[in-house]
Structures are given as C-alpha cells and as structure tokens.
Ligand SMILES: Cc1cc2nc3c(=O)[nH]c(=O)nc-3n(C[C@H](O)[C@H](O)[C@H](O)COP(=O)(O)OP(=O)(O)OC[C@H]3O[C@@H](n4cnc5c(N)ncnc54)[C@H](O)[C@@H]3O)c2cc1C
C-alpha cells in the first residue's frame, strides 16, 4: 500500500483527477487548514493561543518553469512579511525543487538566497526540506553554501537513510539548525533502513548526538520532527537524564496530526512548532501523508461515501 501511494504521488493524471474531486478535497482538509496564505495564518494564530509556533510551507515541488519558480519566491516573501506584520512565532520551509533545482542548482540557490535575506531581515529562520535521494547531495551542498553566507538556515535530515549519520557529522561544524525526520519518499532498498525499529533507533541516536553538550554549545539547534509518541517519550527522558533544559531543542509535528500531543508538549514547557502547508499543489504531498499511515485511505473512502 505504501509503495502504491508513493508511486501515485508522482502521477500527473492522478493529481489532476484527485484535485477536482470534492470528497478528496474534504479528506485533505484534515491535514491543511486551507489553500490560501490567509488560511495558514489563521491556523498559526490559533496555535499561538496554545503557545505553539508554526512553520509555513507553500506546497509545490519539481517546478521546471523559471517564471513559476520566481512566483514561488514572491509567495514566500508574502508569507515572511505577513508573519512579521502579525508578530507570529513562525518560520517558512522551502523545497529546492520548488525553487528551480531541476533547471539549474545555481538558480535554486539564488532564489533561496533571496528568501533567506528577506527572512533574516524579519528575524526569521529559514528551513530547507529534504526531498528524495536524487537530491540529497545537492541539497546538502546548497545548504553549506547558504551557511557560508551566514544565513540562519536549517535543513531536514532523514533517519531512514543509511548515510544520514555521516551527513550529520559533516554538518555539525557548520552550526546551523537540523530537523530530524524519519523520511517520506519511496527509495531503493539499498539506501534505506528497511525495518521500522532500525529507523526509530537511528532517529533516537541522531537526536542524542545533537543533544550532546559540545554540539549544543557550538550553536547547532535540534528540531525533533515526529508524531511517534514512544520516541518522543524516550527523547524527553534522555534529555531529562542529561539535565538539558526543555527550551534547548524543539518538537515539530504536522498540522492535524497528534494535536493532543502537540498541546501536551507545549503545556509541559517544551518548544513546539506545527508545520502548516497551504497552496493548491497538494497532491504529491497528500499521497505521502496517506503512505505514512495507510489507514488514512479509509478516511478518503468514508468521505467519498459521504460519511
Ligand atoms: C515538521 C515536519 C517536517 C517534515 N519534513 C520532512 C522533510 O523535509 N523530508 C521528509 O522526507 N519528510 C519530512 N517529514 C515527514 C517525515 O519524514 C515522516 O514521513 C512523518 O513525520 C511520519 O513519521 P513519524 O515520525 O510521525 O513516525 P511514524 O512511525 O510514521 O508514525 C508515528 C505515529 O504518528 C501518527 N502518524 C504519523 N503519520 C501520520 C499521518 N500521515 N496521519 C495520521 N497519523 C500519522 C500515527 O499515530 C503513527 O503511529 C516531516 C515531518 C514533520 C512532522
């Protein structure tokens, strides 16, 4: 089921069909407050009332038209400006393939630099999502170049990849922010840890490394991006046993998933952010959400049946 859903995520015909269907749009609304920036900002305001911050992402990937990539830059400018105007505790997260990476790496870098400068002027950190392994090397290379510019930028690293421990070691001297995630793409078996238990252990080990005192003192900041309550409890216990202050790292989850756990962590004094997606290009992203929990497919079916 997971493979089927991830294969479907790249299918343009299915994307066209699904985005026209009302029952699919109804099911998608569980994971995104709406397609407009206004919808995303309204959700960020509601989260602020619970002491939860936000990460806004404008959906879209693998853009092959330069003017479309430029339009994405303008979308992010708008988001950054509105976040500042409303004094929200929010940041934006971008994908390099949304900013022209499939056309030219230097184009994606230039576009991202523009967004990073705008974010810096507003005192906001900029996040880079990690995409499939076709892009891992170039993503890390561009991230290094942004750090060399002095940008306050963070990158996601995927615990399901065998290479990630080495990648993390190579990034530590740069001192930026790192968001540890399990990984959401369909990948060849030889590149990934195939057993869930091994992915979870790797996730725990990567977070443990980031929490070491020397690493924290170097300025590297950790974001623990998972809904896995067992893992969250283990990391909380590990941090407590090392007397690490609760505000020395942060948790992040996706909008609409484990909302009670998001509120619980915030009430317990941890920093929490919720990633809010918006925009009309939600199909591939939504297929990845279904693949993470195939039981979600029944939710779509129930919507189709009017339930
Ligand atoms: C803030 C944030 C940023 C991310 N950025 C990236 C990125 O840049 N690159 C990337 O490859 N991936 C990214 N991801 C996705 C990530 O890789 C995983 O696919 C996703 O988080 C599911 O894994 P999990 O850690 O929640 O653990 P899992 O073991 O998959 O899930 C643990 C539990 O969480 C709940 N859950 C998880 N997913 C869902 C869902 N879709 N619907 C309902 N319940 C669910 C279920 O109760 C499940 O039992 C991001 C995730 C988050 C939270």
| said: Ratio of alpha-carbon Rg to the 2.2 N^0.38 Å globular estimate for the stretch 250-307, to two decimals, please. | reply: 1.37
| said: For 196, 95, which order do you get if you count the other beta carbons within 10 Å of each Cβ and list the fewest first? | reply: 196, 95
| request: Just the Kirkwood number for the chain, please: inverse of mean 1/r across all distinct Cα pairs, in Å, one decimal. | output: 19.8
| Rg and Dmax of the stretch 81-224, Cα atoms only, in Å | 15.3, 47
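Find how much the distance from residue 230 to residue 137 grows on full extension, using 0.36 nm per residue of separation minus their present alpha carbon separation; answer in nm with one decimal. Can you show the working numbers first?
Numbers: separation 93, 0.36 × 93 = 33.48 nm, distance 3.09 nm.
Taking 0.36 nm per residue and subtracting the Cα distance, the gain is 30.4 nm.
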| message | How much length would be gained if the chain were fully extended between residue 103 and residue 121, taking 0.36 nm per residue of separation minus their Cα-Cα distance, in nm to one decimal? | response | 3.7 nm
| remark: Residues of the stretch 171-201 with backbone N under 20 Å of the label point set 7 Å from the Cα of residue 3 along Cα→Cβ are 183-199
| remark: Most exposed to least, judged by fewest other Cβ atoms within 10 Å, 101, 146 sort to 146, 101
| query | Which FRET efficiency value, to the nearest 0.05, is calculated for residue 214 and residue 259 with the Förster distance at 51 angstrom and r the Cβ-Cβ distance? | reply | 0.90
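Counting other beta carbons within 10 Å of each Cβ, put 227, 111 in order, fewest first.
Working: 227 18, 111 22.
Ranked by crowding around the Cβ, least crowded first: 227, 111.
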| remark: Cα-based Rg/(2.2 N^0.38 Å) for the stretch 1-100, rounded to two decimals, is 1.22
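When the chain is fully extended, how far beyond the present Cα-Cα distance does residue 16 get from residue 166, taking 0.36 nm per residue of separation? Walk me through the intermediate numbers first.
Details: separation 150, 0.36 × 150 = 54.00 nm, distance 3.93 nm.
Once the chain is fully extended between residue 16 and residue 166, it gains 50.1 nm.
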| Ellipticity estimate at 222 nm from DSSP helix runs (n ≥ 4, -39,500 (n - 2.57)) divided over the chain, nearest 500 | -15000 deg cm²/dmol
| field | Two-site FRET efficiency, residue 288 against residue 74, from Cβ-Cβ distance with R₀ of 25 Å, rounded to 0.05 | value | 0.45
| said: With N set to the number of residues, divide the alpha-carbon radius of gyration of the stretch 169-273 by 2.2 N^0.38 Å and report two decimals. | reply: 1.09
| remark: So for R0 = 51 Å, FRET eff. of residue 301-residue 148 from the Cβ-Cβ r, to 0.05, ends up at 0.55
| field | the stretch 229-307 and the stretch 5-40: distance between their alpha carbon centers, rounded to Å | value | 19
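Only the coordinates and a few stated rules stand behind these numbers; no lab work does. Given the structure is predicted, the values throughout are model-derived calculations rather than measurements. Neighbour counts run over all protein chains shown; Cβ positions are idealised from the backbone, glycine included.
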